[in-house]
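*Asks:* Structure incoming, see below.
The values are calculated or read from the model by the stated rules, or taken from the named source; none is laboratory data. These numbers come from a predicted model, not from an experiment. Here Cβ is always computed from backbone atoms with ideal geometry, including for glycine, and neighbour counts include all displayed protein chains.
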Amino acid sequence: MPRTSEFNNLLAFIVVARERNFTRAAAQLGVSQSALSHTMRGLEEKLGVRLLTRTTRGVTPTDAGERLLTNIGPYYDGIESELAALSSFRDKPAGTVRITCSDAVIKTTLLPKLLPLLQEYPDIKLEFDVNYGFRDIVADRFDAGVRFGETLDKDMIAIPIGSDLRMAAVASPSYLARNPIPKTPHDLKNHRCINIRFPTYGGLYSWEFEKRGRKLNIRVDAQLIINSTPHIVDAAVGGLGIAYLPEIEFSPHIEEGRLIRVLKEWCPPFSGYHLYYPSRRQPSPAFALVVDALRMANRSASNHQ
């Protein structure tokens, strides 16, 4: 087997073992699922050992596969990192920057602040992974993620990319015309609510309130549960109940009167969006430009406040 073929087959194994799914791995590698499956069987036959356990729900590495992944995975990551770093020798940096975040972050923060960068550097590509869970950006091979400042891990570098935020409980005028306005968070137990289920833990969000140092966690009775914030906003505008998300998600509808805030005094500010990335990883030139663009845009916005 030629060395180039061995290299490509091992790379394909790493992607399959990490994704634990042939469909996702094939899409990432740009090959058909059947071709990828054939490659994995050929690699196993050449090595004389089974690397993957295949089930109807996906694939998992065997003990031998885990050992191979643990030992060769970092070398391939290092090769990719070095190849990306070579873009610094080009006239203009190039490469793909992968960021995991929520819908609202893309719409309100990342795209507006990074649009000038994309226009200036057409060879830089951005890939946004919309996810409301806590992704392991190292294991899932993201360059960075976006979280609220208070939920960041200590071994991460974090830079603020937006001002402080606050939560907002909202409902449509039509819903509030049919139901009493809640005076305290406890009153929400008598209302129809729209809630979100977090994919990381599979649990429903327990609504967090605070007033003069008094904190309350309220488990609402949600008639409607959606794991995507834009659809939660639409449901609230449609009069289906009270929703609770960061105020930035509802801002246009609040300003134009389609949604009305309730329990405002129970929603103090908290640390806003932060871009975070591993402290031990050498950033590519493309990623360094993304970080600088977000840092400068946030600094400029702060100076104008």
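*Asks:* Can you name every residue in region 211-235 that is more than 17 Å from Lys189 (Cα to Cα) and within 27 Å of the chain's Cα centre (by Cα)?
*Replies:* Answer for region 211-235, where residues must be more than 17 Å from Lys189 (Cα to Cα) and within 27 Å of the chain's Cα centre (by Cα): Ile226, Asn227, Ser228, Thr229, Pro230, His231, Ile232, Val233, Asp234, Ala235.
*Asks:* Take the conditions within 21 Å of the chain's Cα centre (by Cα), loosely packed, with under 14 Cβ neighbours inside 10 Å and either within 30 Å of Ser174 (Cα to Cα) or in the same structural domain as Leu126 (by TED's automatic domain parsing) (or both) and apply them to Asp292. Does it pass?
*Replies:* In short, yes.
*Asks:* Also: Which members of region 159-175 meet the condition of being hydroxyl-bearing (Ser, Thr, Tyr) and over 14 Å from Ile232 (Cα atoms)?
*Replies:* Step one: list which residues in region 159-175 are hydroxyl-bearing (Ser, Thr, Tyr), which gives 163, 172, 174-175.
Ser163, Ser174, Tyr175 - these are the residues of region 159-175 that are hydroxyl-bearing (Ser, Thr, Tyr) and over 14 Å from Ile232 (Cα atoms).
*Asks:* If you go through region 261-276 one residue at a time, how many are farther than 24 Å from Ile157 by Cβ and either surrounded by fewer than 17 Cβ atoms within 10 Å (Cβ to Cβ) or out of contact with any helix residue (DSSP H, G or I) (no Cβ under 7 Å at 6 or more places or on another chain) (or both)?
*Replies:* So the count comes out to 6.
*Asks:* Next question, about the same structure. Take region 197-218 and flag every residue that is at pLDDT 90 or above and either closer than 25 Å to Cys101 by Cα or aromatic (Phe, Trp, Tyr) (or both).
*Replies:* Scanning region 197-218 gives Ser206, Trp207, Glu208, Phe209, Asn217.
*Asks:* Something else: Does region 48-58 hold any residues that are on the phi < 0 side of the Ramachandran plot and at pLDDT below 90, and which are they?
*Replies:* Passing the criteria: Arg54, Thr55, Thr56, Arg57.
*Asks:* Still on this structure: Looking at Gly145, Gly133, Gly149, can you tell me which residue is crowded, with 20+ Cβ neighbours inside 10 Å, within 24 Å of Pro230 (Cα to Cα) and not assigned by TED's automatic domain parsing to the domain that holds Gly73?
*Replies:* Details: Gly133 fails: crowded, with 20+ Cβ neighbours inside 10 Å; Gly149 fails: crowded, with 20+ Cβ neighbours inside 10 Å.
When all the criteria are applied, what remains is Gly145.
*Asks:* When Ser279 is evaluated against the numbered criteria (1) surrounded by 15 or more Cβ atoms within 10 Å (Cβ to Cβ); (2) under 21 Å from Pro160 (Cβ atoms); (3) of a type in the set (Gly, Ala, Ser), which criterion, by number, is the only one it fails?
*Replies:* Condition not satisfied by Ser279: (1).
*Asks:* Which strands (runs of 3 or more DSSP E) sit wholly inside region 36-148 and have at least 2 residues that are touching a Leu at 6+ places or on another chain (Cβ under 9 Å), closer than 27 Å to Asp164 by Cβ and aromatic (Phe, Trp, Tyr)?
*Replies:* Because the criterion is at least 2 residues that are touching a Leu at 6+ places or on another chain (Cβ under 9 Å), closer than 27 Å to Asp164 by Cβ and aromatic (Phe, Trp, Tyr), no strands (runs of 3 or more DSSP E) in region 36-148 meet it.
*Asks:* Please list, ordered by first then second residue, the pairs with beta carbon atoms under 8 Å, 6 or more apart or interchain, first in region 49-64 and in contact (Cβ under 8 Å) with a residue 40 or more places away in the chain, second assigned to a strand (DSSP E or B).
*Replies:* Val59/Leu52; Val59/Thr53; Thr60/Leu52; Thr60/Thr53; Pro61/Leu52; Pro61/Thr53
*Asks:* Just checking, how many residues over region 121-130 are touching a helix residue (DSSP H, G or I) at 6+ places or on another chain (Cβ under 9 Å) and surrounded by fewer than 17 Cβ atoms within 10 Å (Cβ to Cβ)?
*Replies:* 3
*Asks:* Go through Gly145, Gly95, Gly133 for me and flag whichever is on the phi > 0 side of the Ramachandran plot and either modelled with pLDDT of 85 or more or of a type outside the set (S, T, N, Q) (or both).
*Replies:* Gly95
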